[in-house]
Amino acid sequence: MRSRSRSRPIKVVRESRPSLPTSSRAVLPAPLAPLNENGLSESAGIGAGAAGFSASHWCPATATAAAGFVTVADGSKPIDWNCNGVTTDNNVQFDVNNGSQRTNLSGFNDWVNIKFKGGLVGAGDSTSLPMDTPVDEITPEQAQQVLPVDTTPPVTTEAQAPPPNANGWNNTNVVVTLTATDDISGVARTEFDLDSAGLQVAPTPIVITAEGVHALQFRSIDRAQNVEPTKHATIRIDLTPPEATIRYDPAKHEIVVTGRDALSGVAPGPVTPASVIVVPWNDFGADLSEIRTYRIVDLAGNVLDLVMKVRRERYEMEIGILTLHYAAGGQSDAGNTDPGKQDEPGKGLVKNTIEFGQLRGPGEEYPLLAVDQEVRLRQGEAGTSFAAFWDVLHDETEIVEHLTTGTQHHEKHGIDLVQIRTDRGKLIVEE
């Protein structure tokens, strides 16, 4: 059974059942409704009369698939007439039998229309020759273009550029390329859904620029309407450098630097100096000090280099933070100690002095008797200071803040250690 036009029919065939003679087609289909190539309905397929019969229709060549007649298993079900991967289009205008023009295709049952006619052998002049039944059939060349029935969905792979680092993070924009293959009918469509925004046709490539953890779902559909099971990928992007926190450890009489990062995170624990250079504390050379560089790296590879000058004596420490050098997304803020200073031209890291001191007794039971902490920040004529004093006798920390709005006093039970944290090139004091 096939639909006819002036050339190249659409074949509608049910294969012979083993219980029936091979010369017979199992059950002849009901008459087929005409197909209008200028107004095809994909959801209707060929029509109910083609139920249980395969159908082959023409799909032109694309960048990923050769031209050919794609075979679907059941012609009564939705058919992707225009080979775009969906079967919901209506009023499709498409040359589905590669006949060089769009026409009305009518049903034609080969078996019903076969006619046999002949005469008796040896009947002399009264014998008539058998009648030939005209058959409008596809040519051998066209037959080679009829693809086998395709029941296997396509396969889609995903590649990220640049690939994530060993921690699974990127610190730049990420380009995702989806590559689909199909062995028989060819890929019709690749779809993706990024962060539950809904399925859409995948561009080539997909560019992701926003920070965060992105959920990517994708799949492909071939021209025989096989749908690939949805696949999943995760893209992690962190474009922001980490920050540092500085505090005093009275037990070791040393400062402790730790990193923090709100997105990709940092390795736990204190950060050891990447370099230490011994220099005079001042121009007079009376005391020696250290120029320490602490490098804080988040899991995406963004960097903060914190450089400070440290003078450490037996029971006292004095610190000055010299520079904050941020490098994010492979770009360095060299020479810019304050990435936020674009909003405040000419303003960089504030002048700062940080002092820690302690008093220890001779006994082992209460070796630590008092801790003194003071932070002074100055920007031009304006300045703030923060002082905290704890002693073992009262076991309270007395805190005095000198702010531009006035002075505040309060107390906390136990020893309260001051923290100085960096924030986009600024220094913030916290209790």
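For labels at I428 and A166 in the simple 7 Å Cα→Cβ model, what's the distance in nm?
Placing both labels 7 Å along Cα→Cβ, they lie 3.2 nm apart.
So what's the Cα pair-distance distribution over region 155-237, bin width 10 Å, in %?
18, 50, 25, 8, 0
Using a 7 Å offset from the Cα along the Cα-to-Cβ direction at both D283 and H410, what is the distance between the two label points in nm, to one decimal?
4.2
For region 302-316, take each phi angle, set θ = phi - 60°, evaluate the Karplus expression 6.51 cos²θ - 1.76 cosθ + 1.60, and give the result in whole Hz per residue in order, putting x for glycine and proline.
Along region 302-316, the couplings run 6, 10, 10, 9, 9, 10, 9, 10, 10, 10, 10, 10, 4, 10, 9 Hz.
Once the piece of chain linking E355 and T64 is laid out straight, how much longer is it, given 0.36 nm per residue of separation minus the C-alpha distance between them? Let's see the in-between values first.
Values: separation 291, 0.36 × 291 = 104.76 nm, distance 6.87 nm.
Gain on extension, E355 to T64, equals 97.9 nm.
Given the Cα-Cα distance of D183 and S54 and 0.36 nm per residue of separation, how much length would full extension add, in nm?
Details: separation 129, 0.36 × 129 = 46.44 nm, distance 1.92 nm.
Length difference between fully extended and current span is 44.5 nm.
D395 to R260: extension gain in nm, 0.36 nm per residue of separation minus the Cα-Cα distance? All intermediate terms of the calculation are to be shown ahead of the outcome.
Numbers: separation 135, 0.36 × 135 = 48.60 nm, distance 3.01 nm.
Contour length minus Cα-Cα distance gives 45.6 nm.
Return the long-range amide H neighbours of E254 (sequence gap of 5 or more, or a different chain), with a cut-off of under 5 Å between placed amide H atoms.
D249
Amide H of L105: which non-local residues (sequence gap of 5 or more, or other chain) have their own amide H closer than 5 Å, using H built in the peptide plane?
Sorted by chain and number, the residues that satisfy this are L35, N36, E37.
Estimate the FRET efficiency between L403 and T152 by the formula 1/(1 + (r/R0)^6), using the beta-carbon distance for r and 56 Å for R0, to the nearest 0.05. List each step's numbers first, then the result.
Details: r = 72 Å, r/R0 = 1.28.
Rounded to the nearest 0.05, the efficiency is 0.20.
Over 21 Å between Cα atoms: which of K77/K231; K252/K309; K309/K426 fall into that group? Numbers along the way, then the final one.
Working: K77/K231 26 Å; K252/K309 18 Å; K309/K426 17 Å.
From K77/K231; K252/K309; K309/K426, over 21 Å: K77/K231.
Every number here is computed from the coordinates shown, using simple stated rules; none is lab data. A quick note: this is a predicted structure, and the numbers were derived from the prediction, not measured. Note that each Cβ is placed from the backbone with ideal geometry, even for glycine, and that neighbours are counted across all protein chains shown.
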